[in-house]
1. With a/c under 1.5 counting as rounded, go ahead and sort segment A:206-318 into rounded, prolate or oblate using the C-alpha gyration tensor (a ≥ b ≥ c being the square roots of the eigenvalues; past the cut-off, prolate if a/b is larger than b/c, else oblate).
2. Between segment B:36-104 and segment A:256-305, what is the C-alpha centre distance in whole Å?
3. In Å², and per residue, what accessible area does segment B:4-103 have when probed at 1.4 Å with the other protein chains present?
4. Given a 1.4 angstrom probe, I'd like the percentage of the accessible area of chain A that is carbon and sulfur, rounded to a whole number.
5. Using a loss threshold of 40 Å², tell me which positions in segment A:44-87 are less accessible in the complex than in their chain alone. Probe radius 1.4 Å, ligands and nucleic acids ignored.
6. What are the ³J(HN,Hα) values, in whole Hz, obtained from phi via the Karplus relation 6.51 cos²θ - 1.76 cosθ + 1.60 with θ = phi - 60°, for each residue of segment A:187-199 in sequence order, with x given for Gly and Pro?
7. Quick check: Cα centre of segment A:156-212 to Cα centre of segment A:25-42, how many Å?
8. May I ask for the accessible area buried between chains A and B, both sides summed, probe 1.4 Å, to the nearest 100 Å²?
Amino acid sequence: MPNWNRLQTNSFLECSARDRAVGLVDEGSFVELGGPFDRLVSPHLVALGEAVENDDGIVTGVGRIGARPVFVISQEGRFIGGSVGEVGGAKMVGIIDMAIDFNDRLVAEFPDLPPSARPLVAISFETGGVRLHEANAGLLAHAEVMDALQRARHKVPVVALIGSRIGCFGGMGFVAAATDAIVMSEFGRLGLTGPEVIEQEMGKDEFDASNRALVYRTTGGRHKYVMGDANFLVDDTVAAFRAQLADLCALPVSSFEAMRRIGSPELVEKQLRGVALAAELKPSDARDVWRHAGNNDPVGLADGPLADFRKSVRRLAL
Amino acid sequence: MSLETIEFTVAGDGRSVSLSRRAHCGVVGSGDLEVLLEPKTADAAVSVRIVTPVKGFDALWKRVVEHFVAETGLSGLSIDINDNNASPAIVALRLRQALAEAQG
């Protein structure tokens, strides 16, 4: 086990999946379930002769924040780009279902249990989405995770944490969007089609994936915060992500409804207003949208310290 | 195109340094590996199992692990490795890290 105190000041971006899982919950409280010693390797990779990992690139377990049981899923980007296949997806579903079952049992037995003592799910994303080696099994795994999020709705809050190297793209971008709240650092990136894939499909004129500034101002934490895709923008430390998660742990599940992006007729209407705005504004760059949201100096705002950004940024109202 | 599984045992040198608990270290990234060390009570030998996509390096794997066992005097454990094209130096480093984790 890594030293918990030392982990807290570490860059979230630099942390392995297991370090994030351990550091996000209270000291010494993380218990890994379906860990490397359970040897849950992907049978698809074995058949293809590809290197396997005993946790299939996803750390799952349970810990505590205060009195709240926190069920943790943490993805490892260094193993095949954090791609999610059949086994990894099943581990995610298993943990979410475990949280739901535990919640149901607790609420049945202790109806007066305060929200701060009821289960919550935290997912630390670092993934490009479906593991292409596993084809339909990988796609199905994503669908099953989406299903599990639906089952958790109104029962167990699901919080996404995005601030790791690979970002959160592809099918898992959809999954993140379907969670109740999203916490990002400015180094976190969130999207559906990743920059390299857009460049490959549409050409360098459409999107230059080697242009880091462009990539970050289109998919990075600051932009996602302006757009309302991310609910919270925190510093790049384990402690900062943990503090935000701890704040959310105080809230009842009903309070998470207002943070969601999808899942109600009102939110569909809001999305449609966004589409209409895009058609009217015809933005050629993320800066155009920042300006429209009321930020007169988007370049200065993007380059300044994060604390100043948080203080002065105007977020898009739809 | 299939995964290679290399299995062998290394006899300890009689110093019988044993593990008190199991340990895991590393991520199977490109050029990297994960190591699992587990104490076993059945016998004093070191059982080794390596899963790798690379063929033809059985003798080298054996030398690296034998060197690690000789250096540390370990006995009565199993070493389980999932490899993805790691160099011998990286393998030696991760074995050391896993041991530090088990003793830390």
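1. Numbers: a/c = 1.92, a/b = 1.16, b/c = 1.66.
Oblate shape, in that a/c is at least 1.5 and b/c is the bigger or equal ratio.
2. Between the Cα centres of segment B:36-104 and segment A:256-305 lies a distance of 52 Å.
3. That works out to 47 Å² per residue.
4. Details: 7660 of 13770 Å².
Answer for chain A is 56 percent, counting heavy atoms of protein chains only.
5. Relative to the lone chain, where solvent access is computed with a 1.4 Å probe, segment A:44-87 loses at least 40 Å² at A:G49, A:A51, A:V52, A:E53, A:N54, A:R78.
6. Computed from phi, the couplings for segment A:187-199 are 8, x, 10, 9, x, 9, 7, x, x, 5, 5, 4, 4 Hz.
7. The distance from the Cα centre of segment A:156-212 to that of segment A:25-42 comes to 26 Å.
8. Details: alone 14540 and 5750 Å², together 18760 Å².
In total, this chain pair buries about 1500 Å².
The values are calculated or read from the model by the stated rules, or taken from the named source; none is laboratory data. Keep in mind the model is a prediction, meaning the values are calculated, not measured. Protein only, heavy atoms only, side chains kept; ligands, DNA and RNA dropped before computing areas. Shrake-Rupley method; radii C 1.70, N 1.55, O 1.52, S 1.80 Å.
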